[in-house]
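J.: I have a structure I would like to understand better, so I am pasting it below and will then ask my questions one at a time.
The values are calculated or read from the model by the stated rules, or taken from the named source; none is laboratory data. A quick note: this is a predicted structure, and the numbers were derived from the prediction, not measured. No Cβ is skipped: glycine too gets one built from the backbone with ideal geometry, and neighbour counts run over all protein chains shown.
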């Protein structure tokens with residue numbers, strides 16, 4: 001069974017793409033909705049909360065866990081891979097969704113790329129470090145969007161406060177670099193307001209959505225690691241640290257009715 005973790009409902013955009021590409025793969029989704037979103041918290045807090053959730057999924061029997069969250073991937077992934085997995089889970093794997101985007105960008109002709117994300121993802125510098133590691137000539141212009149993931153998590157995609165955040169972040173991003181060739185929505189919550197970003201940004205600038213890139217990267221990863229032997233029975237479970245009320249918002253994000261079970265970490 002594949003474990004998929006996100007701070008809340010945003011990771012369901014990634015999970016949906018995984019289900020579409022790998023429909024027979026059994027999945028166990030965990031949303032830490034009680035503490036979502038993580039993007040406005042300190043790096044140490046993000047690491048501690050992410051580790052608690054990942055341990056839950058690994059202890060539940062998942063051989064592989066995907067961090068379907070940019071902040072968790074940027075802040076916590078490497079530390080877990082280097083310090084926790086070798087010691088406590090030597091046969092298990094945890095991967096994120098940041099590197100697949102970097103590898104995708106490195107293959108494209110784009111040179112001037114905008115990045116819209118949570119403040120924590122931007123502050124981590126992980127995207128910049130990754131592009132340097134890949135030897136990519138891409139130049140990233142980053143913009144944190146304070147409060148946007150929180151409003152989307154609450155189902156407030158259409159209120160004026162949400163629209164104002166999108167307009168302000170888009171305007172500032174273009175002011176920082178008017179030569180952008182594409183913009184990455186580097187938060188799994190942000191596709192819920194994709195139409196608002198398309199209105200706020202110049203029409204000639206395409207938006208890059210992570211979910212399909214992450215799902216394609218996962219499919220290739222599984223081909224390279226058949227030893228993981230993930231369950232192919234197609235079972236699907238959805239867990240939350242929050243209340244059952246999250247199922248309504250989550251169903252809108254996923255596009256089909258889904259029901260969450262409440263758990264304690």
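J.: Can you name the residue in region 42-63 that is in a loop (DSSP other than H, G, I, E, B) and either modelled with pLDDT of 95 or more or in the same structural domain as residue 145 (by TED's automatic domain parsing) (or both) and, of all such residues, is surrounded by the fewest Cβ atoms within 10 Å (Cβ to Cβ)? Explain how you work it out, then say what you get.
T.: Of the residues in region 42-63, the ones in a loop (DSSP other than H, G, I, E, B) are 42, 60-63.
Subset that is either modelled with pLDDT of 95 or more or in the same structural domain as residue 145 (by TED's automatic domain parsing) (or both): 60-63.
Numbers: 60: 15, 61: 11, 62: 27, 63: 18.
Out of the qualifying residues, it is 61.
J.: Something else: Here are the criteria: (1) in contact with a helix residue (DSSP H, G or I) (Cβ under 6 Å, 6 or more places away or on another chain); (2) outside the structural domain of residue 53 (by TED's automatic domain parsing). Tell me which single one residue 199 does not satisfy.
T.: Tallying (1) in contact with a helix residue (DSSP H, G or I) (Cβ under 6 Å, 6 or more places away or on another chain); (2) outside the structural domain of residue 53 (by TED's automatic domain parsing), residue 199 fails exactly one: (1).
J.: Of the numbered conditions (1) within 26 Å of residue 12 (Cβ to Cβ); (2) free of Cβ contacts under 8 Å to residues at least 60 places away in the same chain; (3) crowded, with 19+ Cβ neighbours inside 10 Å, residue 149 satisfies every one except a single condition; which is it?
T.: (2)
J.: Further question: Restricting attention to region 14-41, report how many residues are within 18 Å of the chain's Cα centre (by Cα), farther than 25 Å from residue 243 by Cβ and surrounded by fewer than 17 Cβ atoms within 10 Å (Cβ to Cβ).
T.: Number satisfying all stated conditions: 2.
J.: Test of understanding: among 159, 231, which residue is over 22 Å from the mean Cα position of the chain (by Cα) and assigned by TED's automatic domain parsing to the domain that holds residue 25? Give the steps one after another, and end with the answer.
T.: Details: 159 fails: assigned by TED's automatic domain parsing to the domain that holds residue 25.
The unique qualifying residue is 231.
Residue-by-condition table, conditions (1) out of contact with any strand residue (DSSP E or B) (no Cβ under 7 Å at 6 or more places or on another chain); (2) farther than 14 Å from residue 237 by Cα; (3) assigned to a loop (DSSP other than H, G, I, E, B):
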residue: 5; (1), (2), (3): no, no, no
residue: 8; (1), (2), (3): no, yes, yes
residue: 13; (1), (2), (3): yes, yes, no
residue: 17; (1), (2), (3): yes, yes, no
residue: 25; (1), (2), (3): no, no, yes
residue: 35; (1), (2), (3): yes, yes, yes
residue: 40; (1), (2), (3): yes, yes, yes
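J.: Any idea which residue in region 64-94 is surrounded by the most Cβ atoms within 10 Å (Cβ to Cβ), counting only those that are within 15 Å of the chain's Cα centre (by Cα) and free of Cβ contacts under 8 Å to residues at least 40 places away in the same chain? So that I can check it myself, show each step before the final result.
T.: Our first condition is that a residue be within 15 Å of the chain's Cα centre (by Cα); within region 64-94, this holds for 65-77, 94.
Among the residues that remain, those that are also free of Cβ contacts under 8 Å to residues at least 40 places away in the same chain are: 76-77.
Details: 76: 27, 77: 22.
The qualifying residue surrounded by the most Cβ atoms within 10 Å (Cβ to Cβ) is 76.
J.: Does region 122-142 include one or more residues that are outside the structural domain of residue 35 (by TED's automatic domain parsing), on the phi > 0 side of the Ramachandran plot and not in a helix (DSSP H, G or I)? Even if it seems obvious, please write down each step before you answer.
T.: Looking only at region 122-142, we keep the residues that are outside the structural domain of residue 35 (by TED's automatic domain parsing), and these are 122-142.
Next, only the ones that are on the phi > 0 side of the Ramachandran plot stay: 125, 135.
Still in the running and not in a helix (DSSP H, G or I): 125, 135.
Scanning region 122-142, I find at least one residue that is outside the structural domain of residue 35 (by TED's automatic domain parsing), on the phi > 0 side of the Ramachandran plot and not in a helix (DSSP H, G or I), so the answer is yes.
J.: If a residue has to be touching a strand residue (DSSP E or B) at 6+ places or on another chain (Cβ under 9 Å), surrounded by fewer than 23 Cβ atoms within 10 Å (Cβ to Cβ) and closer than 10 Å to residue 71 by Cα to count, how many in region 95-125 make the cut?
T.: Looking only at that region, the number is 2.
J.: For region 168-180, what are the residues that are over 22 Å from the mean Cα position of the chain (by Cα) and in contact (Cβ under 8 Å) with a residue 24 or more places away in the chain?
T.: Across region 168-180, the qualifying residues are 171, 172, 174, 176, 177, 179, 180.
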